[in-house]
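Take a look at the structure below.
The values are calculated or read from the model by the stated rules, or taken from the named source; none is laboratory data. As the structure is a prediction and not an experimental result, all values here were calculated from the model. Methodologically, a virtual Cβ is constructed for each residue, glycine included, from the backbone with ideal geometry; neighbour enumeration extends over all protein chains shown. For the accessible areas, the whole protein counts, side chains as well, though only heavy atoms, and no ligand, DNA or RNA atoms are used. Shrake-Rupley method; radii C 1.70, N 1.55, O 1.52, S 1.80 Å.
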Amino acid sequence: MSTVHPPLATAEALLADGTTVELRPLGPDDHRAVLDLHAAGMSEESRRMRFFGVSRNAPRQAADRLCGPPRTGLLALGAWAGEELIGEADCELLDEPPETAELALAVADRWHHRGVATLLLEHLVHAGRAAGIRFFEADTLGGNHAVHQVFADLGLPIERRYAHGEVRVRVPLDEGDERYRSAVDERGRRADVASLAALLRPASVAVVGASRREGSVGRTVLTKIRQGGFAGPLRAVNPHADEIGGVPAYPSVSALPAVPDLAVLAVPSGAVPAVAEECGAAGVRALVVLTSGLGAQEARRLMRACRRHSMRVVGPNSLGMAQTDPAVRLDAEFGGAFPRPGTAGVAVQSGGVGIALLSRLAWLGIGVSSFVSLGDKYDVSGNDLLQWWEADGRTDLALLHLESFGNPRAFARTARRVTRSIPVLTVDAGRSTAGRRGAASHTAAAATPTVTREALFRQAGITATRSIDELVEAAALLHAQPLPGPRGAVAVVSNAGGIGILAADACAEVGLELPELPAELGKLLPPGASVRNPVDTTAAVGPTELTFFLRALEREEAVDAILVCLVPTALGAAPAQDPVRALLEGPARRRVPIAAVLLDQQVPVRYRTCADGGVLPAYSDSVAAARALAHARDRARRLAEAPSVPADAPDCDRRTARSLIDGHLTAHPDGGWLDPLSTADLLEAYGLPLTSSVWARDEEAAVAAANGLRLLGHERKVALKAYWPGQVHKSVLGAVRTGLGTEAEVRSTYREFTERFGAELVGAVVQPMAEPGVELLAGVVQDRIFGPLVVVGAGGTAAGVPADRSARLAPLSERDLTTMVAELRSAPLLSGSVGAPAVDLAALRSVLARLSRLADDFPELVEADLNPVILRPDGAVCVDARVRLERRPSFDPYLRRLRRPAAASDSPGSTASPP
Ligand code: ADP
Ligand code: MG
């Protein structure tokens, strides 16, 4: 096994039916439990399947093997429901074949068919991969259909060999990545939705801490649930009352006549853990914790109770939740008015934003399917809600407000899938957070939290808005109108020329095209009208003319969307002449989306009902309307694209890179910047085109190196770069000299370095001079929570200038490569459209793809800065690269496990899983 400690960490995760189990490595303390599992927990038949009918001693042998003193080469993982060990999976490295481990599985009979074995296997696959195991093998009986099903469903391309009624199964761990991940996703989705049912569709509810005092949180929620007409039994828990506001009250949770699915907690923070424990022990399935101000100790105890008793929890510090499905009708929140039933799912981290959003949606007339105020998000998160809405059959629009991300990579993966079926909109909160100050590389300086979050939203297909207003304005369009064509070609029509021009400007600013319109359309309009886009109908346009004109316009092939801007005029004062009336008498839904800008409207956006009963979104300002159309266009583009494939980076030598990285970190436990030679080796292992760089520790060596490169005297020249550990930018300090053509120049330059840098100087790097080309920066920086962010931008000595940059989160797709290069301001320099010859874009894509793969494979690679990569028509070469390593635990963001909120973490500062 490699030197990496196998990350067989403790975790909680969901079974297929939504039950929470704890997974933890087996140790000497678990001997009794393992014995019980194999003896009492399994029938004779199950044991025969597991041990091929071998002796009665088999359970004890299993317990001895798994729970003896720790052995290298053995990974053993148990699944616990409360205090009971319900399953076990282990693997033990074989002497032969290499990198192969013998796998064994056992699940207690009464826990069969709930996904225990699969969950254990997923975690064992993860640990095995990290420990350098490449294959699991297991002997199974041919008739053991259950275990064959487990292997078949796993998602890895297994092989089977049959002999004498036994089947030898071989599971390759490092293959079938995407298929395996999709299979894991699908299991995760089902389990998640199953676990959320008690929370989002409870059959019965209790409010714990319902006070008699009107206006208290508990009392308010109780009253709201009652007035909302909750479909199931509702009870209050209060030691001092028999009845509160018409609801029967009981002194404690255990005194309730029946166990509620959901308990809403409005007790003081000190009481939360004990109440949660009492709920769990009674069999409550979900909690909404309204209480705020929990200390770390209370948080920890709350989460322990929830995990042990398999309860999902919303909050703490939640405003509550609402489910409008007529079969449930649960209004368990104390923020606003019970939302009208509808199709928008809303989840917010801040209660205040929740109130604002709900009231705007209500005012606009968009109904809500379910609403959850996530509060401090100890457990239930935006990711859970996306999966719920994806499956609930009622939601066709998701609105999220997130201030923090627990596992953004898992979230992005979910969102990428969900956004293909419903629009997901978010307010991007926290933009103003200052960037990383004093970053030592240009790549790190470019990776501000804003850039990182933007990359996340964009790659996940989420519509990110900058304010609540913008969110609601975009939602209004997406909810009521069809999507535009992906080109986003808008016809702007106005009855006042100046207004049309403003609207055209607003469209251009968000990248919407204004296509040319056929001149014949002008015949439909009054004399003096102009059909150059923006169309000026003149104030004299009559209702019939406008109606016919719009009808003709929507049929135009060149038009993907229509923006109609109307100003009330004296002519329109006669109702029969009113152009707005004419607009509303037409259909609300046409071939293309239509948005109205009504300049006398007082509110930013509202729906106007058309004669056919449909609605048109009407904005008071064309900037808002254009922005909404641009969001719709972005979504249309995304849906028009075929799902992209992972960026291609063939022939990356993972083993060499692994041993280089491990070697460096063993020698330098605190990590740091790699020296030039190790940098070159690492980059070469991943096929990154670093120019030949020869190390020279003194003047003579430098001369020899330059001669060795066979450059001097052959019309090509060399670059000499002074090196000392910890150096940051070299040329500003005079540590880079380019274009040296003779031995004498190399000598004098080296001497200069010696004089200038004195004892600090360790040596120098000699490189051939690269042919001039376009200098770009390419780099990657590892975010602890978001993972690797790949950056490309204008480079070389221009890199310090702020900043022509584009960034995406790894792993990159082929489309990411295309869009990130295309969106650079310097893109025309690369494509040859400004006179210079086109550069080898395939070579640039390859650099980015390989950087993405390298950082994705090795979380220890915290920073890599290739600057410049010199691009030419015939290829790309990097002449300056810096790489920084740091010890980081391997973390698989896609491993199925429930979150461990930072506030409730057992070991503060532990990095085993991100907060
Ligand atoms: P630093 O970025 O630390 O200042 P570099 O090694 O990037 O130092 O060198 C600075 C600039 O010198 C580069 O941006 C590039 O323009 C030029 N340069 C450096 N090495 C070479 C080389 N081998 N061939 C061509 N130009 C080079
Ligand atoms: Mg440089």
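Miscellaneous remarks
- Residues being in contact (Cβ under 8 Å) with a residue 40 or more places away in the chain and in a helix (DSSP H, G or I) - total across segment 498-525: 7
- When Pro157 is tested against (1) out of contact with any Leu (no Cβ under 6 Å at 6 or more places or on another chain); (2) surrounded by 13 or more Cβ atoms within 10 Å (Cβ to Cβ); (3) part of a loop (DSSP other than H, G, I, E, B), just one condition goes unmet, and that condition is (2).
- Unmet requirement for Leu830, which otherwise passes all of (1) closer than 25 Å to Arg884 by Cβ; (2) more than 16 Å from ligand 1 (Cβ to nearest atom); (3) assigned to a helix (DSSP H, G or I): (1)
- Flag if Ala266 is without any contact (Cβ under 8 Å) to a residue 40 or more places away in the chain, in contact with a helix residue (DSSP H, G or I) (Cβ under 8 Å, 6 or more places away or on another chain) and buried (at least 21 other Cβ atoms within 10 Å of the Cβ): no
- Any hit, segment 694-703, residues being within 29 Å of the chain's Cα centre (by Cα), within 30 Å of Arg872 (Cα to Cα) and surrounded by fewer than 18 Cβ atoms within 10 Å (Cβ to Cβ): no
- Leading residue by the ranking (nearest to ligand 2 (Cβ to nearest atom)) among those in segment 870-889 that are touching a Gly at 6+ places or on another chain (Cβ under 7 Å) and open to solvent by less than 30 Å² (accessible area, probe 1.4 Å): Ile870
- Filtering Ala496, Ala474, Ala491 for residues that are of a type in the set (A, V, I, L, M, F, W, C) and modelled with pLDDT under 95 leaves a single hit, Ala496.
- Flag not set for Thr10, criterion: open to solvent by less than 30 Å² (accessible area, probe 1.4 Å), touching a Leu at 6+ places or on another chain (Cβ under 9 Å), among the hydroxyl-bearing types (Ser, Thr, Tyr) and at pLDDT 85 or above.
- Between Ala410, Ala474, the distinction of being within 30 Å of Arg608 (Cβ to Cβ), touching a residue at least 12 places away in the same chain (Cβ under 8 Å), outside the structural domain of Ala864 (by TED's automatic domain parsing) and assigned to a helix (DSSP H, G or I) belongs to Ala474 only.
- Search result, residues across segment 357-376 that are open to solvent by 10 Å² or more (accessible area, probe 1.4 Å) and either more than 27 Å from Arg304 (Cα to Cα) or basic (Lys, Arg) (or both): Leu358, Ser359, Arg360, Ala362, Trp363, Leu364, Gly365
To keep it simple, each residue is scored yes or no on (1) open to solvent by less than 30 Å² (accessible area, probe 1.4 Å); (2) charged (D, E, K, R).
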residue	(1), (2)
Ser748	no, no
Ala764	yes, no
Pro768	yes, no
Glu775	no, yes
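- Residue under evaluation Gln782, criteria (1) within 11 Å of ligand 1 (Cβ to nearest atom); (2) part of a strand (DSSP E or B); (3) open to solvent by less than 70 Å² (accessible area, probe 1.4 Å), criterion not met: (1)
- Scanning segment 388-409 for residues that are under 20 Å from Glu178 (Cβ atoms) and open to solvent by 20 Å² or more (accessible area, probe 1.4 Å) yields a count of 3.
- Within segment 173-201, the set of residues being touching a Lys or Arg at 6+ places or on another chain (Cβ under 9 Å), open to solvent by less than 20 Å² (accessible area, probe 1.4 Å) and under 13 Å from Glu122 (Cα atoms) comprises Leu173, Val184, Gly188.
- Residue check, Ser644 touching a Ser or Thr at 6+ places or on another chain (Cβ under 8 Å), surrounded by fewer than 20 Cβ atoms within 10 Å (Cβ to Cβ) and over 23 Å from Thr691 (Cβ atoms): yes
- Any hit, segment 76-86, residues being assigned to a loop (DSSP other than H, G, I, E, B) and in contact with a Gly (Cβ under 8 Å, 6 or more places away or on another chain): no
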